[in-house]
Amino acid sequence: MEKLKILQRINELYANNQNIIKYLKELDGNERNAIEDILISYDFQSGTYIESYKTNPIQKDEYCNQLAKILNQLEYRSLLEVGVGEATTLGPLLQRLEVIPDKCFGFDLSWSRVKFANNFLGELGYENVELFTGDMFDIPLKDNSIDIVYSSHSVEPNGGREKEALEELYRITNKYLILLEPSFEFANEEGKSRMREHGYVTELYATVKDLGYEIIEHRLFEVSSNPLNPTGLMIIRKESDEEVLEPLCCPVTKTDIIKTESAYFSSESLLAYPVIQGIPCLLPQNAIVATKFLV
């Protein structure tokens, strides 16, 4: 995490509307977007998504209307948004669901975005959504633990890691994995070029096919905010019928964690994860070796 030493420099660039991820990629000479780069960039953007939604909610509300129509046709008891950001999809979506799930979760790389998300959901009257920091490549959730897992342009910046992301998302899914992500297949040539330039995913559909997952729907979604980055819908069904009472787990070892006043702790992995302002910090790099935690 060497880039943590230059956050003030990055803050100056952000204040001048510079592309943070592009700057960080150039520091290392990387072609792909690194997780650290995505985390830093999104954390600096925290608050802007809620501001944008409140200024002009019409398109986002229609986006959530269409997603709610899909979910309202399915049976489920638990729901998770991957890369929840500031909950500007999850919050309006919950308002449109015919039945609120028994358990609702969301995670994001950025702690600051989760903080804004908690506040936003509180404004909407949703106090029981469990939000935490997490990495989609090391999700702190057990196998088959969430009935419906969905993403909304959160897999997007991870071009070249489609297989890793899909395998991890599929692992935690119990019934349906719903992907609302940039559709390379439905984009025009200008859009495809733009996706490659930004390091976006381009092989989601092909990778799902290669993995042998059951696709029950694949099409262009009704709402896209940018015609050069069209949103595709892919619904993957998984034949599983487990009921996991406590989905959260250690992201490193996937073992049980218990909640204390200030941390989550796994007695099997002997790792502790801090809880800051009520937000569980469950990124692998947040792990603290704490062999005497319970002594």
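What follows draws every value from the coordinates through simple rules; no lab data is involved. Here the structure is a predicted model, which is why all the values come from computation and not from measurement. Note that we place each Cβ from the backbone using ideal geometry, even for glycine, and neighbour counts take in every protein chain shown.
Quick rundown of the values:
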quantity: CD proxy at 222 nm, helix term only [per DSSP H run n ≥ 4: -39500 (n - 2.57); per residue of the chain; nearest 500]; calculated: -10000 deg cm²/dmol
quantity: Of Lys60/Lys254; Lys22/Lys60; Lys142/Lys192; Lys192/Lys254, those spanning more than 30 Å from alpha-carbon to alpha-carbon; calculated: Lys60/Lys254; Lys142/Lys192; Lys192/Lys254
quantity: Peptide ranges 272-281, 93-102 listed from the most packed, as the mean C-beta count within 10 angstrom indicates; calculated: 272-281, 93-102
quantity: FRET efficiency, 1/(1 + (r/R0)^6) with R0 22 Å, evaluated for Glu167 and Glu243 via beta carbons; calculated: 0.45
quantity: The chain, dipole about Cα centre (Lys/Arg Cβ +1, Asp/Glu Cβ -1), debye to the nearest 20; calculated: 460 debye
quantity: Extension reserve of the Gln66-Asn128 stretch, reckoned as 0.36 nm per residue once the Cα distance is removed; calculated: 19.9 nm
quantity: Rounded, prolate or oblate (a/c below 1.5 giving rounded, otherwise prolate when a/b exceeds b/c) for the range 37-113 by Cα gyration tensor; calculated: oblate
quantity: Virtual spin-label span in nm between Ile216 and Leu294, 7 Å along Cα→Cβ; calculated: 4.0 nm
quantity: Largest-first principal axis extents, alpha carbons of the range 111-205, Å; calculated: 44, 30, 20
quantity: By average C-beta atoms within 10 angstrom, highest first, the peptides 165-177, 200-212; calculated: 165-177, 200-212
quantity: Inter-centroid distance (Cα atoms) of the range 195-229 relative to the range 26-63, Å; calculated: 19 Å
quantity: Listed residues Leu248, Leu74, Leu233, most fluctuating in the chain (Gaussian network, C-alpha, under 10 Å); calculated: Leu74
quantity: Overall form of the range 2-51 per C-alpha gyration tensor (a/c, 1.5; a/b vs b/c); calculated: prolate
quantity: Full-extension gain in nm, Asn56 to Lys209, via 0.36 nm per residue minus C-alpha separation; calculated: 51.4 nm
quantity: Farthest positive-ward along the chain dipole, Cα basis, beta-carbon charges - from Tyr150, Asn226, Tyr49; calculated: Tyr49
quantity: Charge dipole (debye, nearest 20) of the range 163-208; +1 at Cβ of Lys and Arg, -1 at Cβ of Asp and Glu; calculated: 160 debye
quantity: Listed values (i) -1.08, -1.17; (ii) -1.29, -1.48; (iii) -1.20, -1.35, entry calculated as log10 I(q)/I(0) by the Debye sum over Cα atoms at q = 0.15, 0.16 Å⁻¹; calculated: (ii)
quantity: Cα gyration tensor shape of the range 249-295, rounded if a/c is under 1.5, else prolate or oblate by comparing a/b with b/c; calculated: oblate
quantity: Charge dipole (the chain, unit charges on Cβ, about Cα centre) - positive-most of Thr207, Val114, Gln18; calculated: Gln18
